[in-house]
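Below you'll find the structure, written out as structure tokens, and then a few comments.
The values are calculated or read from the model by the stated rules, or taken from the named source; none is laboratory data. The structure presented is a predicted model; accordingly, all values stated were derived computationally and were not measured. We place every Cβ from the backbone using ideal geometry, glycine too, and count neighbours over all the protein chains shown.
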Amino acid sequence: MFDTLFRKRDFYAGGLMTLLGAGVTLNSTTYNTGTLMHMGPGMFPFILGIVLTFIGVMIFGTALVTPLGDDEEILPKNKEWLGWFCILAGPVCFIILGHYFGMAAGTFSCVFVSALGDRTATLKGSALLALCITIPGCLLFSYVLQLPFPLFRWGF
Amino acid sequence: MIGQAFTDLWYGFGVAFEPHNLMWCFVGVLVGNMVGVLPGMGPLATISILLPLTFGIKPVGAILMLAGVFYGAQYGGAICSILLNLPCHPPHAVTCLDGFPLTKQGRGGAALGITVISSFVGASWGITEMIFLSPILVTVALKFGPAEICSLMLLGLLAGSTLARGSPLKGVAMTVCGLLLGIVGSDIETGTPRFTFGIPNLFDGVEIVALALGLFGIAEFMKSVNQLSEVDTKYTNVKFKDLRPTRDELRRSWPAMIRGTLIGSLCALIPGTGPTIASFISYATEKKISKTPEKFGTGMIEGVACPEASTHSSVQGDFIPTMSLGIPGDAVMALILGALMIQGIVPGPQLISEHPDIFWGLVASFWIGNIMLVVLNVPMIGIWVKLLTIPYKYLYPSALFFVCIGVYSTNNDMFQVGETVVIGLVGYLLLLLDFHPAPILLGFVLGPRFEENFRRAMLISRGDALVFIKHPISAVFVGLCVVLIVGQIYVRLRKPKALVDAIPLTSLDHNPRTAEEA
């Protein structure tokens with residue numbers, strides 16, 4: 001029974017929710033819980049934390065009683081590490097380059113990096129796509145919508 | 001009462017026909033339709049991405065535009081599912097069953113034409129329902145005290161999370177997570193910062209735009225990257241004149257549309273059963289009633305008309321509790337409520353009397369918008385079909401840019417872009433663990449009001465937790481909650497064979513194109 005348990009998706013799902021619930025419950029006791037009549041800021045999260053822990057344990061319980069399914073692999077069949085990384089890295093580039101060099105650099109790097117996540121993407125194609133998005137995008141947000149975000153800056 | 005309704009409606013048309021409101025409605029429908037057609041972009045992603053654009057507009061215009069985006073995107077999704085067999089939005093999954101075979105037979109244009117007509121019929125009925133039911137609901141709801149509001153919200157949250165797709169237990173877990181996310185920030189009464197981890201940017205709470213774009217933008221892109229096969233466009237050559245259905249097709253569709261509309265509006269009355277369930281039930285019913293049930297799935301025009309009508313009538317019906325009680329039925333409605341709150345408008349029963357321009361303007365704009373949709377789609381179908389061929393590898397990087405700049409523009413704060421990335425990563429992990437993140441948004445939007453009313457109810461009752469059962473109206477809601485939970489347990493334990501006929505609801509989960517749940 002226990003050897004299959006670690007391969008079940010609900011085992012991890014339930015575990016995650018239980019931990020989260022327990023964490024919230026513990027953390028909420030650091031705020032003033034007050035009484036039921038005069039509830040402090042900690043009371044509502046305290047109740048929610050207990051409810052979440054309880055639900056987490058129940059999900060965990062379903063993992064115990066149900067037989068192992070065919071599709072219990074948590075990660076999908078095709079592991080797109082590069083794709084996932086690029087999608088997350090795009091906005092991060094936007095934050096860093098946007099903060100130091102302005103909207104144009106942020107936009108270009110965001111589109112360029114995230115476009116590289118596709119399996120068929122090439123450096124040239126991605127750069128071209130990034131350029132095609134950056135120019136109209138910056139015009140739209142900077143001139144039409146007047147977003148207070150300088151197009152270019154040099155700020156360390 | 002009818003006279004009053006007509007006066008209000010007249011006023012609403014006055015608001016909706018103001019040039020700038022009309023323009024925003026048009027922009028919303030156009031952009032929503034355009035983005036909704038793109039494969040892999042469902043209404044939730046579309047609304048979240050376009051939400052930041054509405055911040056600069058006055059509340060009425062903003063809400064008209066968002067509503068326009070919503071039904072525009074839904075209609076765009078129908079095009080995508082009929083011509084490409086790709087349900088970008090779950091309610092359209094059943095439309096595919098008969099819509100795509102029709103396309104293969106070269107009648108895809110007619111199927112689209114029927115879709116236009118049936119969505120208009122369904123929506124019109126839903127709007128009529130909204131006109132008459134909302135004021136009644138409001139008069140009832142104004143008598144509610146904090147205890148009643150609290151148990152009603154509990155019912156809404158439970159229904160929204162357990163009746164959606166996937167395991168009900170996980171749905172409730174997600175709702176609780178949403179409620180907890182809603183707590184982040186300063187406490188409303190004492191100002192104590194909660195769950196901010198000492199980060200000053202979090203004192204105002206988690207930004208709804210960041211949450212929505214993380215969950216329905218970044219997490220969905222991560223799920224779909226490299227998973228989408230090349231779009232097969234050999235059937236998509238639809239021209240303007242193909243849209244006209246034949247006399248026989250029209251004759252067969254009418255009764256199906258009316259049945260679908262009725263089923264949709266019934267489903268809308270039960271909280272939590274959104275358009276997805278409505279469309280599945282109506283398709284199953286239509287199949288049962290039909291004299292030739294074996295032909296369903298091979299291109300029956302009724303199989304397109306019925307679910308489309310029921311989807312649209314149920315969607316309009318979903319606006320009733322959202323606007324009159326301030327309790328959204330699904331994530332899309334939660335987003336629209338969130339947009340209202342960003343505009344500084346408090347949702348709840350007082351909305352209709354305090355902001356009649358918003359409510360009646362919205363009602364009137366539904367009609368105007370739906371007519372615009374028909375008018376837009378007829379000549380522009382060729383362009384929409386071209387949009388279908390845009391490959392995903394160009395689409396998601398561009399969408400990511402809109403995500404970043406959209407989140408940034410809400411508060412001009414780079415920190416929130418980072419917030420979106422983190423939420424997106426967590427959202428993807430939750431997706432991998434079989435959690436459906438839509439209820440998070442529901443909990444998040446209702447959370448602060450839920451806590452406020454809960455505290456108030458307990459204060460008034462002097463700390464007596466039984467107050468929720470002592471008040472009769474509240475007791476009814478609590479009773480319904482119990483019925484819902486017990487019913488779910490019963491259904492789960494019995495493993496029913498007859499659950500919505502043999503339509504594979506679960507097959508949606510394996511379709512990477514299914515961008516989001518109801």
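Can you tell me how many residues in the range A:86-105 are assigned to a loop (DSSP other than H, G, I, E, B) and among the aromatic types (Phe, Trp, Tyr)? Qualifying residue count for the region: 0.
Condition (residue is under 21 Å from B:Val421 (Cα atoms), over 22 Å from the mean Cα position of the chain (by Cα), assigned to a helix (DSSP H, G or I) and modelled with pLDDT under 85) applied to the range B:383-393: is it met by at least one residue?
Step one: list which residues in the range B:383-393 are under 21 Å from B:Val421 (Cα atoms), which gives B:392-393.
Subsequent filtering for residues that are over 22 Å from the mean Cα position of the chain (by Cα) retains B:392-393.
Applying the additional criterion that residues be assigned to a helix (DSSP H, G or I) yields B:392-393.
Keeping just the survivors that are modelled with pLDDT under 85 gives B:392-393.
Taking every residue of the range B:383-393 in turn, at least one turns out to be under 21 Å from B:Val421 (Cα atoms), over 22 Å from the mean Cα position of the chain (by Cα), assigned to a helix (DSSP H, G or I) and modelled with pLDDT under 85.
Can you find even one residue in the range B:419-432 that is buried (at least 24 other Cβ atoms within 10 Å of the Cβ), in contact with a Ser or Thr (Cβ under 8 Å, 6 or more places away or on another chain), under 29 Å from A:Ala13 (Cα atoms) and within 14 Å of another protein chain (Cβ to nearest Cβ)? Among the residues of the range B:419-432, not one is buried (at least 24 other Cβ atoms within 10 Å of the Cβ), in contact with a Ser or Thr (Cβ under 8 Å, 6 or more places away or on another chain), under 29 Å from A:Ala13 (Cα atoms) and within 14 Å of another protein chain (Cβ to nearest Cβ), which makes the answer no. Does B:Leu97 qualify as being over 30 Å from B:Leu351 (Cα atoms) and assigned to a helix (DSSP H, G or I)? Yes: the conditions hold for B:Leu97. Of all the listed residues (B:Tyr392, B:Tyr408, B:Tyr396), the sole one being without any contact (Cβ under 8 Å) to a residue 24 or more places away in the chain, aromatic (Phe, Trp, Tyr) and buried (at least 20 other Cβ atoms within 10 Å of the Cβ) is B:Tyr408.
Could you tell me whether the range B:504-518 includes any residue that is modelled with pLDDT of 85 or more and within 14 Å of another protein chain (Cβ to nearest Cβ)?
no
Checking every residue in the range B:75-93 against the condition of being in contact (Cβ under 8 Å) with a residue 60 or more places away in the chain, assigned to a helix (DSSP H, G or I) and closer than 28 Å to B:His20 by Cβ gives at least one match.
Looking at B:Leu169, B:Leu180, just one residue is within 12 Å of chain A (Cβ to nearest Cβ), surrounded by fewer than 24 Cβ atoms within 10 Å (Cβ to Cβ) and in a helix (DSSP H, G or I), and that residue is B:Leu169. Number of residues in the range B:433-458 that are more than 9 Å from chain A (Cβ to nearest Cβ), farther than 16 Å from B:Val184 by Cα and part of a helix (DSSP H, G or I): the value is 5. Yes or no: the range B:188-202 includes at least one residue that is under 26 Å from the mean Cα position of the chain (by Cα) and either closer than 26 Å to B:Ala438 by Cβ or surrounded by fewer than 20 Cβ atoms within 10 Å (Cβ to Cβ) (or both). The answer is no, given that none of the residues of the range B:188-202 is under 26 Å from the mean Cα position of the chain (by Cα) and either closer than 26 Å to B:Ala438 by Cβ or surrounded by fewer than 20 Cβ atoms within 10 Å (Cβ to Cβ) (or both).
Scanning for something assigned to a helix (DSSP H, G or I) and β-branched (Val, Ile, Thr), does the range A:108-124 turn up at least one residue? Checked the range A:108-124: at least one residue is assigned to a helix (DSSP H, G or I) and β-branched (Val, Ile, Thr). The residue that is farthest from B:Tyr11 (Cα to Cα), counting only those in the range B:130-145 that are surrounded by fewer than 20 Cβ atoms within 10 Å (Cβ to Cβ) and of a type outside the set (A, V, I, L, M, F, W, C), is B:Gly145.
A residue that is within 11 Å of chain B (Cβ to nearest Cβ), of a type in the set (A, V, I, L, M, F, W, C) and either closer than 27 Å to B:Arg492 by Cβ or part of a helix (DSSP H, G or I) (or both) can be found somewhere in the range A:35-43. Does B:Thr410 satisfy the criteria of being over 22 Å from B:Gly61 (Cβ atoms), part of a helix (DSSP H, G or I), within 14 Å of chain A (Cβ to nearest Cβ) and polar (S, T, N, Q)? Here the answer is no, as B:Thr410 does not meet what is asked. In the set (1) assigned to a helix (DSSP H, G or I); (2) within 7 Å of chain B (Cβ to nearest Cβ); (3) among the small types (Gly, Ala, Ser), A:Ser142 fails one condition alone, (2).
Taking the condition buried (at least 20 other Cβ atoms within 10 Å of the Cβ), away from every other protein chain (no Cβ under 14 Å), in contact with a Gly (Cβ under 8 Å, 6 or more places away or on another chain) and not aromatic (Phe, Trp, Tyr), does B:Met174 pass? Against the criterion (buried (at least 20 other Cβ atoms within 10 Å of the Cβ), away from every other protein chain (no Cβ under 14 Å), in contact with a Gly (Cβ under 8 Å, 6 or more places away or on another chain) and not aromatic (Phe, Trp, Tyr)), B:Met174 does not qualify.
Condition check for A:Thr53 on (1) among the polar types (S, T, N, Q); (2) within 26 Å of B:Glu452 (Cβ to Cβ); (3) free of Cβ contacts under 8 Å to residues at least 24 places away in the same chain: one failure, at (3). Can you spot a residue in the range B:460-472 that is facing chain A (nearest Cβ under 9 Å), of a type in the set (Lys, Arg) and touching a residue at least 24 places away in the same chain (Cβ under 8 Å)? Scanning the range B:460-472 turns up no residue that is facing chain A (nearest Cβ under 9 Å), of a type in the set (Lys, Arg) and touching a residue at least 24 places away in the same chain (Cβ under 8 Å). If you check A:Thr120 against the conditions, is it facing chain B (nearest Cβ under 9 Å) and surrounded by fewer than 22 Cβ atoms within 10 Å (Cβ to Cβ)? Against the criterion (facing chain B (nearest Cβ under 9 Å) and surrounded by fewer than 22 Cβ atoms within 10 Å (Cβ to Cβ)), A:Thr120 qualifies. Considering only residues in the range A:1-21 that are within 23 Å of the chain's Cα centre (by Cα) and of a type in the set (A, V, I, L, M), the one that is farthest from the other protein chains (Cβ to nearest Cβ) turns out to be A:Leu19. Scanning the range A:22-34 for residues that are at the interface with another protein chain (Cβ under 10 Å from one of its Cβ atoms) and closer than 17 Å to B:Met458 by Cα yields a total of 2. Candidates A:Gly83, A:Gly61, A:Gly69: the one that is under 21 Å from B:Ser161 (Cβ atoms) and either of a type outside the set (Phe, Trp, Tyr) or outside any helix (DSSP H, G or I) (or both) is A:Gly61.
Okay, residues lined up against (1) assigned to a helix (DSSP H, G or I); (2) hydrophobic (A, V, I, L, M, F, W, C); (3) touching a Lys or Arg at 6+ places or on another chain (Cβ under 7 Å):
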| site | (1), (2), (3) |
| --- | --- |
| B:Glu249 | yes, no, no |
| B:Arg252 | yes, no, no |
| B:Ile258 | yes, yes, no |
| B:Ile263 | yes, yes, no |
| B:Thr285 | yes, no, yes |
